[in-house]
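**Q** Next up is a structure, given as structure tokens.
What follows is calculated from the coordinates using simple rules that are stated; it is not laboratory data. None of the values given here were measured: they were computed from a predicted structure. Cβ placement follows ideal geometry from the backbone for every residue including glycine, while neighbour counts extend to all protein chains displayed.
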Amino acid sequence: MALKYLCLVLCVTFFAMEVHGRNEYVAYKRAINFYEAFQQCRLYGGHLASIESADENARVVTAVKAAGDFSKDWLIGATDLGNEGTFIWTGVNRKATYLNFNGGEPSNNDGSEHCVAIGSTAGSKWNDVPCNAKVEGFVCAYIRL
Ligand SMILES: [Ca+2]
Ligand SMILES: [Ca+2]
């Protein structure tokens, strides 16, 4: 009986850990656009970074600063390509509810900014940029148990 109980506790614990897996972020310095970055993170076994809390945002900033120049644009995985003004996280298939856009952003300049970068003039906040723009680098997230 005790063994069964132990098993139940462990299974529930592991299930909870999987559901609430922690994102680990790695930034890569490479001239790349959103589409390329999206695919590259998938090929690495992760996803273009989703950011769903201030804590995750802070960890993305740390990852970017470790990889290169934070005064340039680094792609993260939010996009409003399919529905202007509504951003989703492509990697986890969720609507972006935690939003951290810089003042005046998302600006959707020329009706053509549907992808999101952190860094540059926005600092640790976000700016929408053209999806086909080659930026300084990108951030992948890897879900760790
Ligand atoms: Ca847009
Ligand atoms: Ca913008």
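**Q** I need to check one value: relative contact order of the chain, counting alpha carbon pairs closer than 8 Å and at least 6 residues apart, in percent.
**A** Relative contact order here is 37 percent.
**Q** Further, regarding this structure: Specify whether the C-alpha gyration tensor of region 21-143 places it in the rounded, prolate or oblate class, a ≥ b ≥ c being the square roots of the eigenvalues: rounded for a/c under 1.5, otherwise prolate if a/b is larger than b/c and oblate if not.
**A** Since a/c stays below 1.5, the shape of region 21-143 is classed as rounded.
**Q** What does the charge count near Ser107 come to, summing +1 for each Lys or Arg and -1 for each Asp or Glu among other residues with Cβ under 11 Å from its Cβ?
**A** -4
**Q** Can you tell me the 0 to 90 degree angle between the C-alpha axis of helix 54-67 and the longest principal axis of the chain, rounded to 10?
**A** With rounding to tens, the tilt is 70 degrees.
**Q** Quick one: net charge around Arg59, please, counting Lys, Arg +1 and Asp, Glu -1 for every other residue with C-beta under 14 Å from its C-beta.
**A** -1
**Q** Using the Cα centre as the reference, give the magnitude of the dipole from point charges on the C-beta atoms of region 30-145 (Lys, Arg: +1; Asp, Glu: -1; all else neutral), rounded to the nearest 20 debye.
**A** Approximately 440 debye in magnitude.
**Q** Quick check: from the Cα gyration tensor, does region 55-121 come out rounded (a/c under 1.5), prolate or oblate?
**A** Oblate is the answer for region 55-121, as a/c is 1.5 or above yet b/c matches or exceeds a/b.
**Q** OK, next. Which value in deg cm²/dmol, rounded to the nearest 500, describes the helix-derived mean residue ellipticity at 222 nm for the chain, given -39,500 (n - 2.57) per DSSP H run of n ≥ 4 and division by the residue count?
**A** -9500 deg cm²/dmol, from helical runs alone.
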